[in-house]
1. Residues to consider are Gln79, Gln116, Gln149; find the one that is farther than 30 Å from Glu55 by Cβ, at pLDDT 95 or above and open to solvent by 60 Å² or more (accessible area, probe 1.4 Å).
2. Could you please find all residues in the stretch 24-62 being within 14 Å of Arg170 (Cβ to Cβ) and open to solvent by 50 Å² or more (accessible area, probe 1.4 Å)?
3. Within the stretch 195-228, how many residues turn out to be part of a helix (DSSP H, G or I) and touching a Lys or Arg at 6+ places or on another chain (Cβ under 9 Å)?
4. Taking Asp11 and the conditions (1) open to solvent by 90 Å² or more (accessible area, probe 1.4 Å); (2) over 18 Å from the mean Cα position of the chain (by Cα), which numbered condition does it fall short on, given that it satisfies the others?
5. Taking the stretch 162-184 as the search range and keeping residues that are touching a residue at least 24 places away in the same chain (Cβ under 8 Å) and in a helix (DSSP H, G or I), which one is most open to solvent (accessible area, probe 1.4 Å)?
6. Can you find even one residue in the stretch 188-204 that is in contact (Cβ under 8 Å) with a residue 12 or more places away in the chain, in contact with a helix residue (DSSP H, G or I) (Cβ under 8 Å, 6 or more places away or on another chain) and surrounded by fewer than 16 Cβ atoms within 10 Å (Cβ to Cβ)?
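The values are calculated or read from the model by the stated rules, or taken from the named source; none is laboratory data. Just so we're clear, the structure is a prediction, and the values are computed from it rather than from any experiment. Cβ sites come from the backbone with ideal geometry, for glycine too, and all protein chains shown count toward neighbours. In case anyone asks, the SASA skips ligands and DNA or RNA and just uses the protein heavy atoms, side chains included. Shrake-Rupley method; radii C 1.70, N 1.55, O 1.52, S 1.80 Å.
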Amino acid sequence: MIDLQQVPIIDINKHNFKQLWPSLLLSLKQATFVAMDLELSGLGNRRLLNARSVEDRYKAMCAVARTRSIIAFGISCFQAKTMQSCPSVETSTVNSNLVDSEDVEASHDVGDVMLQEAAKAAANEFTVQTFSITVLCSESYVVEPEALQFLVSHGFNFNQQCAAGVPYYRGNDRDGEDEVCLLRFFLAELIRSERPLVFHNGMVDLIFLYQNLYADLPPTLAVFISDVFEMFPAGIFDTKHMAEFCSRFPASFLEYVYKKW
């Protein structure tokens, strides 16, 4: 298992974003697939996020994304060095928290295909370039003590965020300075790259990406899913979903899944 303390990470902030933009763009264009993880200022009422109705869950997540913000996000661009069998799965998967129980069995066939392709990919060698982008929403937003404590316990520097976070605004496009549009430029390039995306508990991240860097969220889950599939046609893969419904792990939090796999 790789020693994560030895993984080189390029830190990006508003002072060096333009300088490092060519490297980030090149990594996206050369990537076989891209993994992303967002750090957020809060997740709101967990009970509402786990409502029985899928549509109610979506509405609750939308309310959270409209009032909370992205604090930082990491991007790892994986480039295959030797591809013995290039993964190609045309069916995307959404977060297991948005899948009704009667739909779980129907997802098993898709999960089996995903695991088979993951096993093939494991035989390949990859080079990885990882970026950590510290961001700062230019609008008022809610912060939750639990989220802040979690980030501080993992070494996040809020003084650095306030001083050098890449600024952005939420919702639809608007006229403004280039500096507040930098992250939207990044998302546009990610969409243009048409690379498969990998998340852990990805539905929340996708909703935050949409509301914070793309446009106001649509009123229904069906329209949101349609938009996301159009934005990322190469597929969206959720390791939490795979751990829970494909591998049937007893736990699915990220550290456990990483060590298990």
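1. Working: Gln79 fails: at pLDDT 95 or above; Gln116 fails: at pLDDT 95 or above.
Gln149 is the lone residue from the list that is farther than 30 Å from Glu55 by Cβ, at pLDDT 95 or above and open to solvent by 60 Å² or more (accessible area, probe 1.4 Å).
2. Restricting attention to the stretch 24-62, the residues satisfying the condition of being within 14 Å of Arg170 (Cβ to Cβ) are 38, 40-41, 62.
None; the set is empty.
3. Of the stretch 195-228, the ones part of a helix (DSSP H, G or I) are 202-213, 221-228.
From the residues that got through so far, the ones that are touching a Lys or Arg at 6+ places or on another chain (Cβ under 9 Å) too are 202-203, 208, 211-213, 221.
Total satisfying the criteria: 7.
4. So Asp11 meets the others, but not (2).
5. Just the residues of the stretch 162-184 that are touching a residue at least 24 places away in the same chain (Cβ under 8 Å), to begin with: 162, 164-173, 179-180, 182-184.
Next cut, in a helix (DSSP H, G or I) only: 162, 164, 179-180, 182-184.
On the way: Cys162: 93, Ala164: 3, Glu179: 72, Val180: 33, Leu182: 15, Leu183: 2, Arg184: 23 Å².
Within the stretch 162-184, the match that is most open to solvent (accessible area, probe 1.4 Å) is Cys162.
6. Looking for residues that are in contact (Cβ under 8 Å) with a residue 12 or more places away in the chain, in contact with a helix residue (DSSP H, G or I) (Cβ under 8 Å, 6 or more places away or on another chain) and surrounded by fewer than 16 Cβ atoms within 10 Å (Cβ to Cβ), one finds at least one in the stretch 188-204, hence yes.
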